[in-house]
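The structure appears below as structure tokens.
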Amino acid sequence: VGGALLTEAELCRQFGVSRHTVREALRRLREAGLVSRHHGVGTRVKAKAAATRYVQSMAGLSDLMQYAQNTRLVVRTEREVVAAGALCGLLRCKAGMRWLLFEGTRFVGRSSVPMAHTQVYIPAAYGAIRQYIGSLKVAIYTLIEKHFGECIVEARQEIGAVPLNAKMARLLQVRPGSAGLSITRHYFGADERLLEVAVNLHPSLDRYRYSMRLRLESQV
């Protein structure tokens, strides 16, 4: 820790790989919190073990499935809720509709440090998949597809910064009032039918970072 790595050119020669491969390896080391890189100084070793930060890259629905496979959800509570008031706005439904709410904590690998507080709402009619939620490392929407013949055709998400209240701060093991990142996703099937709503509340960026790549498509 504190020592400097070889230059990119030296690493290429030592391991017999391309500069692209070396840069990708260094990028992953930085994301894991193992090294830091500064102009004019080079790359230095920052830590012996990877940090608990999780970097989520998003380009399509398949990346949401990867998110479920790379993390684990520990369900704390499960209950039926009836939409009313503000909940109707979140679930985009009429008052009186019945939903199942699964609430828990999400972790990276075997880490005991939480990376998100999670709330998942599914229509009560899909209650048959409740036994699999939290026990399988699969995206919940894929369970709906598999068991009910649905097809998720679109996911819409909203991202915003929020202060963490005392309860959320305690669950996420951070200071009350510290910054959090709220990500709400709505999953739609055919005919704009809402099949799942997921609300993830993440602590500071030392544990979670959201990455998105946007490309300009040529116009034909």
Take LEU91 and tell me if it is over 27 Å from ALA179 (Cα atoms) and surrounded by 15 or more Cβ atoms within 10 Å (Cβ to Cβ). no
Pick from the stretch 128-167 the residues that are under 22 Å from ARG79 (Cβ atoms) and of a type in the set (Ser, Thr, Tyr): which of them is surrounded by the fewest Cβ atoms within 10 Å (Cβ to Cβ)? SER135
Looking only at the stretch 7-30, which residues are more than 16 Å from LYS46 (Cβ to Cβ) and either open to solvent by less than 50 Å² (accessible area, probe 1.4 Å) or among the hydrophobic types (A, V, I, L, M, F, W, C) (or both)? GLU8, ALA9, LEU11, CYS12, PHE15, VAL17, VAL22
When you scan the stretch 196-218, do you find a residue that is farther than 18 Å from THR71 by Cα, hydrophobic (A, V, I, L, M, F, W, C), in contact (Cβ under 8 Å) with a residue 40 or more places away in the chain and touching a Pro at 6+ places or on another chain (Cβ under 9 Å), even just one? no
Go over the candidates HIS117, HIS202 one by one and state the one that is closer than 17 Å to LEU90 by Cβ, open to solvent by less than 30 Å² (accessible area, probe 1.4 Å) and not aliphatic (A, V, I, L, M). HIS117
Strands (runs of 3 or more DSSP E) contained in the stretch 48-131 and holding at least 2 residues closer than 30 Å to VAL1 by Cβ and at pLDDT below 95: 54-58, 71-82, 98-108
Taking the stretch 168-197 and keeping residues buried (at least 16 other Cβ atoms within 10 Å of the Cβ), assigned to a loop (DSSP other than H, G, I, E, B) and within 20 Å of the chain's Cα centre (by Cα) leaves VAL174
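The values are calculated or read from the model by the stated rules, or taken from the named source; none is laboratory data. Since we're looking at a predicted model, the values are computed, not measured. Every residue, glycine among them, receives a Cβ derived from its backbone with ideal geometry; neighbour counts consider all protein chains shown. Remember, those area values only see protein heavy atoms, side chains included, never the ligands or the DNA or RNA. Shrake-Rupley method; radii C 1.70, N 1.55, O 1.52, S 1.80 Å.
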